[in-house]
Amino acid sequence: MLIGATLGRYFSLKFLQAIFLVFGTVFALVYTLDFVELMRRSGDVQGASPGLMARLALFRTPAVAEQVLPFAILFGAMAALLQLSRKLELVVARAAGISAWQFLQPGILVAALIGLVSVTVYNPLSAHLKQRAVETEARVFARTGVSVAARDTWIRQVAIDGQAIIRADNAIEQSTALLGVTIFTFDPGGAFQERIEAREAVLRDGYWELKDARVLSPSEEPQSYATYLLASNLDASQIRKTFTPPESVPFWDLNDTIAQTERAGLDATRYRLQYDILLARPLLFVAMVFVAAAFSLRFFRFGGVAGMVLSGVAAGFVLYVATQLMEDLGASGLVRPTVAAWFPAVVGTLLGTLALLHQEDG
């Protein structure tokens, strides 16, 4: 039986307010900490003004905050239910013949809608802002040698004039640009030819374009060039996919990315897993509401509310750990991506429903 429209809107508003309050608090905290860290790292870096660092922190925060969305749903749902219980509104609702399953309908609907919006709108936006943040951070800090907090990238290529091993301090996601590049070239016979150092390298059609390059050869004096070209047989789409982690690809681009990666003969398991994880997100959020309800419907006058809340938080973290474990298994190929993505959401929903059934109906 469906809950009444007026009461449904009232409960929905309570759930929305609590969830957005939790998420907004986390978002503001992440932004503040990231801004302080960026200001510390920037130091005397030329061009790294407080305004630029504030904008960079704003670009970086949505992607980080996206990871805590399930906990925002969990804590927000618990807070909303506890507030309704503390004010005896749930007692009145029960006295009017409304069951727990009915007054949970607004929370479930709100969680599912937030999940859909987070996948279709928030995820593409956060991925786009993260890309802008990576580009800005790399270019600002790479000019001065300050760490960009990224991993080394190694590439091996075989071109018409021999082989080359390329190492870069940083790779800009969703692009073919490398920063802090060192290249070792060898002739077709395998003998060492020269070492090339460049501030930036961009893969064009059939060649690398190196900027501010310095060429060192055993037989010649070091030479400096504003622009230096190096032949390459690498495909731009392959390089772009190699540089881009799955979480940085917007939801609407994942299908194309999977297809391009497979056409290039590369493993697309991580992108398939990310696609399924995003598809399963609304159900995961619904599972969080069921978990919250299983630990938040105790009447205040019965006592033991603090213990129930701690149990709910612990259950949420257990579900999170299970989710991460399944994602690791899916990424390693030990579990099919579809199973790895949907298993935590389905199991969490079933267990939450079972706990609620035991609590409400015995």
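The values are calculated or read from the model by the stated rules, or taken from the named source; none is laboratory data. Values in this document were obtained by computation on a predicted structure and should not be read as measured data. Neighbour counts run over all protein chains shown; Cβ positions are idealised from the backbone, glycine included. What goes into the accessible areas is simple: the full protein's heavy atoms, side chains included, and nothing from ligands, DNA or RNA. Shrake-Rupley method; radii C 1.70, N 1.55, O 1.52, S 1.80 Å.
Relative contact order of the chain: what whole-number percent is it, with Cα pairs under 8 angstrom and at least 6 residues apart? Let's see the in-between values first.
Details: 548 pairs, mean separation 56.7, N = 362.
Computed value for the chain: 16 percent relative contact order.
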Alpha-carbon centroids, segment 64-131 and segment 244-295: separation in whole Å:
21 Å
Tell me the carbon and sulfur percent of the accessible area for the chain, rounded to whole percent, probe radius 1.4 Å.
62 percent
Would you kindly compute the Cα radius of gyration of segment 40-120 and its largest Cα-Cα separation (Dmax), both in Å?
20.6, 67
In deg cm²/dmol, rounded to the nearest 500, the helical mean residue ellipticity at 222 nm of the chain, built from -39500 (n - 2.57) for every DSSP H run of length 4 or more, is -20000 deg cm²/dmol
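In a shell of Cβ-Cβ distance under 12 Å around residue 334, excluding residue 334 itself, what net charge do Lys and Arg (+1) and Asp and Glu (-1) give? Mind showing how you got there, number by number?
Numbers: positive: 336; negative: 327, 328.
Here the count lands on -1.
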Taking a cut-off of 19 Å between Cα atoms, list the aspartates and glutamates near residue 14, but don't count ones fewer than 8 places away on the same chain.
89
What do you get when you divide the Cα radius of gyration of the chain by 2.2 N^0.38 Å, with N the number of residues?
1.27
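Kirkwood Rh over Cα pairs of segment 2-144 into Stokes-Einstein at 10 °C, 1.306 mPa s: D in µm²/s? Display every interim value, and only then the final one.
Numbers: Rh = 17.4 Å.
Here the translational diffusion coefficient equals 91 µm²/s.
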